[in-house]
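Bear in mind that the values in this text are calculations on the coordinates, not laboratory data. Everything quoted here is computed from the prediction, not taken from an experiment. Don't worry about glycine lacking a Cβ; one is built from the backbone with ideal geometry, like all the others, and counts go over all protein chains shown.
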There are 2 protein chains.
Amino acid sequence: MASLDAFFAPRTVAVVGASRDPAKIGHLVTKYLLESEARVYPVNPSAREILGRPCYPALESIPGEVDLAVLAVPAPATVEMVRECVKKGVRAIIAQASGFGETGEAGRRLETEIRDILSSVPGDRRPRLLGPNTLGVYVPRNRLDTTFTVRERSPRPGPGDIAFISQSGATAVCIMEAAASMGVGLSAFAGIGNKLDVDENELLDYFAADPHTRAIAFYLENFRDGRGFLERCRRITPRKPVVVLKAGRSASGMRAAALHTGSLAGSDRVVEGALRQVGAFRAYDEEELVDLARVLGQGRPLAGRRVAVLTTAGGLGVILTDLLESRDRGVGLELAPISEEGKARLRSALVPFASVHNPIDLTANSSNQHYADALRVLEEEEDVDAILCVMQFQSPYVDEALADLIIDRFHHGPKPMVVVTIGGELSWRGLRRLGEARVPVYPSLWRAVRATAALYQRGCYLARCTGVTAQGTAAAQLRPRAWEGGSCHV
Amino acid sequence: MASLDAFFAPRTVAVVGASRDPAKIGHLVTKYLLESEARVYPVNPSAREILGRPCYPALESIPGEVDLAVLAVPAPATVEMVRECVKKGVRAIIAQASGFGETGEAGRRLETEIRDILSSVPGDRRPRLLGPNTLGVYVPRNRLDTTFTVRERSPRPGPGDIAFISQSGATAVCIMEAAASMGVGLSAFAGIGNKLDVDENELLDYFAADPHTRAIAFYLENFRDGRGFLERCRRITPRKPVVVLKAGRSASGMRAAALHTGSLAGSDRVVEGALRQVGAFRAYDEEELVDLARVLGQGRPLAGRRVAVLTTAGGLGVILTDLLESRDRGVGLELAPISEEGKARLRSALVPFASVHNPIDLTANSSNQHYADALRVLEEEEDVDAILCVMQFQSPYVDEALADLIIDRFHHGPKPMVVVTIGGELSWRGLRRLGEARVPVYPSLWRAVRATAALYQRGCYLARCTGVTAQGTAAAQLRPRAWEGGSCHV
């Protein structure tokens, strides 16, 4: 078992500090881990049984191997327990307690003690450590969950294809909840906390090789080794997209980051250009981080800048057109021309007052069949590089099967597609349904346009890397103004 | 009764084309109007009763006055019915049918016919006409609703303080649904359609004088009389904020607008500068339109640029700080310094590991009481111009009463406040609750920061208008870089 696998797919997990008190972290962690595929050993010298499982007085009394030990004990006790982990031959340690380097000198000394304990062990037997000051990990597909917020108050995302690595626990919880409420899933979450041992670079490598992960998203306040991060991105981004929300851009933000995670951020200008150069996407807020990660992980890169817009509300089509084409408050893409043949086919398929010019307007009387027919026509249009589809449920001739139709065309149609839906409960239901089906769908026109632009930038980047576009055109035929101009407008 | 009052508070309404067929527009309009405070007269020569109400064969057979006639009949019949309205002495007409100027020459001729009929009537007896090609009006507080989307599929906003005027019906429906799902209410909606008679300028005047309206939001594809619109804004914006989503900015957007509503948009550059000069806010997408309208209608203008951030997740505080202070991907405001006394008070009120520097971090162990104490301290800090409050429900010591606490401080505290909440169902529940209590709250950090910046810009504008800031400081003491620099970064 490769060392980091012990964090994300352990066969056995010990919870040190397991508790019968439902208010304790050690209780929540045990309870949630018992739902996982791993064998769970509660450890607590003053209990014989916890949540119906026999409790062990110490790590060493556990029979057999322990892949992962979750330390749900305070900072000073954590040091002692790391020593016990070494003795037991534990492969991976999650140190959840705060009160370490982030709080000052005394905490830093505790970290040094742990570092000394670990480095005294020969490399091949040395346990790896995540944290301290971390929620640990959450892996939806095997229900491995060491995060300790109450699930009823803090729903978790389902299985998906985004790996999310965060330097801040509480922030990650908020981001994961918001993602879950849109049906967006994760391949895994890892909180790196104070990065005493395992850091963002090693996790970047790990998820680059992880077959369940299609995009890697980071919330970072500093880089442990910025050059190493960039080198990894350069190697990885041609295969797998990376999105980084690097906070601490402003002077006060940098100070706040230093107070928050005790980290010193470098100059932001350098970060900005360097990330772009190695093909990583930078996000500027929590919403953009998830928005970009999902479209880059799920969508197909664009082979050109010409977008077809399909809508049921003329005004939404006009706003989308503005956002797509404008270079100020827009992304500088283009509306695809529709061929005369295509227009004729649309005319015969749609209602008489529909607009067959791009943006194509099915009108408020749209039906599932109109959507299907129009998508089919657009899919066969040579000059269409992507379809931006407005999915609305107001029309009485549309029902929830429209969501299935769009899911099908996204996964099996020949063109890259991004979906947007504006409205109330029906829209949100469709949004969650598409989210769970791993279709990039957004509840705002701008977010959908920004996502489309990201797929275009990704297409340009890949074309530069390989000399050939996603659809096999020579890269020279692309006009990647938005990307090469240094300003992506996203 | 002033002529436009007949549209928004009619005592009597006739539905011409009322129908017993639930699939017909004339059915839905009748059904929803029957819930209003107005007396409703269904008109249809081939029915004796509709929805339990006696049906009249013609307008002229209705006993007594008709304030408003809703024409739910096709375009050619609409012309005839306008003639009948004139005969009956109807005050206001909503012409819902499409198939007029937006479809070409034949439709334009029908519009000319209507114009001729109306202009043949002496001014004091001439009915006013909204449309054609419009959903009409929706006034939540008196349940007057002539829009004809099925409510079960298309929930309406509740009562609120934003007047929303839209040139596109289907787009307005999407925007209203989305607003409703956030608890955002309206004072009134009016669809202006083809603007044969009543246009955006007259409605701007009307809602400027409407005591129920605190902000006026427009979706427009062209201006009937741009100069008149700007002159009105100059007069109105010192008293009431105006937000304009003027679509058709790009070349293709302009073409799309021409195809959609048959309107020719002017040069966009001119619009941009002119709106700013007269103190109107421009929105660039449907989300920004509502976001700005609600914060400007409900929030208090800032007297300075120094913002205090209150959070329970350090990382969210760092991201907010970046967005507030950065001039690139940010709004160029400042973090307020906290006095030593304030820090001492925070230290004694909060948990030991809380951060008492701005951004103030209550930590994931925050309680309602921590929020209350911290807000009280910030309210008394002299250098704090506004509070940006992150409302999170993950902590076990926080419950839904937190929402009430924040609502109370928003309405009764001394400082302008904007609220943000990031998360799942609990966050959304709090969001809707605050929305219904008319507190500007957003589910994204960026949207909250943008709203805060709008309040600052509004403060600068009002100070320029009056020479005195919202809090009585001389305007010269403001440093309105963001606004005066011509780039508001919003």
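Of the peptides B:26-32, A:207-213, the order by per-residue mean of other Cβ atoms within 10 Å, starting with the highest, comes out as B:26-32, A:207-213.
Note that segment B:423-471 shows a convex hull volume over its alpha carbon atoms of 74 Å³ per residue. Across segment B:1-133, the convex hull enclosing all Cα atoms gives 98 Å³ per residue.
Note on chain A: Cα-Cα pairs beyond 45 Å make up 20% of the total pair count.
FRET efficiency for the A:Arg429 to A:Lys87 pair, using the beta carbon distance and R₀ = 56 Å, is estimated at 0.60. Distances between copies of A:Glu436, taken at a point 7 Å out from Cα along the Cα→Cβ vector and listed shortest first: 2.7 nm. Taking the Cα centre of the protein assembly as shown as origin, sum charge times position over the Cβ atoms of Lys and Arg (+1) and Asp and Glu (-1), and report the length of that vector in debye to the nearest 20. Magnitude of the dipole: close to 460 debye.
Site pair A:Arg11 and B:Arg11 shows an inter-label distance of 8.6 nm when each label is modelled 7 Å from Cα along Cα→Cβ. The mean number of partner chain beta-carbon atoms within 10 angstrom of a residue's beta-carbon across peptide B:392-405 is 2. If you take the beta carbon distance between A:Glu105 and A:Ala23 as r and set R0 to 41 Å, what does 1/(1 + (r/R0)^6) give as a FRET efficiency, to the nearest 0.05? Between A:Glu105 and A:Ala23 the formula returns 0.85. The mean number of Cβ atoms from other chains found within 10 Å of a Cβ in peptide B:163-176 is 5, as a whole number.
If you plug the beta carbon distance of B:Arg269 and B:Ala47 into 1/(1 + (r/R0)^6) with R0 = 45 Å, you get a FRET efficiency near 0.25.
Taking other Cβ atoms within 10 Å as a rough exposure proxy, A:Arg109, A:Arg83 sort from fewest to most as A:Arg109, A:Arg83. From the alpha carbon centroid of segment A:309-370 to that of segment B:122-176 is 25 Å. Remark: mean inter-chain Cβ contacts per residue of A:240-249 equal 3, using a 10 Å Cβ-Cβ cutoff to other protein chain atoms. Packing, taken as the mean count of other beta carbons within 10 Å per residue, orders the peptides A:44-50, B:223-229, B:431-437 from highest to lowest as B:431-437, B:223-229, A:44-50. Here the protein assembly as shown was treated as a single set of alpha-carbon atoms; its pair distances binned every 20 Å from 0 give 14, 42, 32, 11, 1 percent. Ranking of B:Asp116, B:Asp285, A:Asp67 by neighbouring Cβ atoms within 10 Å, starting from the fewest: B:Asp116, A:Asp67, B:Asp285. The same position B:Ala251 in the other copies lies at 4.4 nm from this copy, comparing label points 7 Å beyond Cα toward the beta-carbon, shortest first. Using the Kirkwood radius over C-alpha pairs as Rh, can you work out the diffusion coefficient of segment B:277-324 via Stokes-Einstein at 10 °C, viscosity 1.306 mPa s, in µm² per second? Result for D is 121 µm²/s. When each of the peptides B:176-186, B:196-206 is scored by how many other beta carbons lie within 10 Å of its residues on average, the order from highest to lowest is B:176-186, B:196-206.
Where nothing but the Cβ of Lys and Arg (+1) and of Asp and Glu (-1) is charged, how large is the charge dipole of chain A around its Cα centre, in debye to the nearest 20?
Magnitude of the dipole: close to 740 debye.
For A:Phe353, inter-copy separations between label points set 7 Å beyond Cα along the Cβ vector come to 6.2 nm, shortest first.
Shown here are the Rg and Dmax of the Cα trace of segment A:277-413, at 15.6, 49 Å.
Ellipsoid fit via the Cα gyration tensor, segment A:88-247: semi-axes of 25, 19, 15 Å, each the root of five times an eigenvalue, largest first. Computed about its Cα centre, the charge dipole of segment B:1-86 is approximately 260 debye, with only Lys, Arg, Asp and Glu carrying charge at their Cβ. Our coupling estimate for segment A:98-115, obtained by passing each phi through the Karplus curve with A = 6.51, B = -1.76, C = 1.60 and θ = phi - 60°, is 8, x, 9, x, 5, 9, x, 4, 4, x, 4, 5, 4, 5, 4, 4, 4, 4 Hz, Gly and Pro reported as x. Here is the list for segment A:308-411: GluC sites (Glu not before Pro) lying in DSSP coil, each with at most 13 other C-beta atoms within 10 angstrom of its C-beta, are A:Glu382, A:Glu400. Number of Lys-Lys pairs in chain B with C-alpha atoms under 30 Å apart and a separation of 8 or more places or on different chains: 12.
Fewest Cβ neighbours within 10 Å first, please rank B:Leu129, B:Leu402 accordingly. It would help to have the intermediate numbers written out before the result.
On the way: B:Leu129 27, B:Leu402 22.
If I rank by nearby Cβ atoms, fewest first, I get B:Leu402, B:Leu129.
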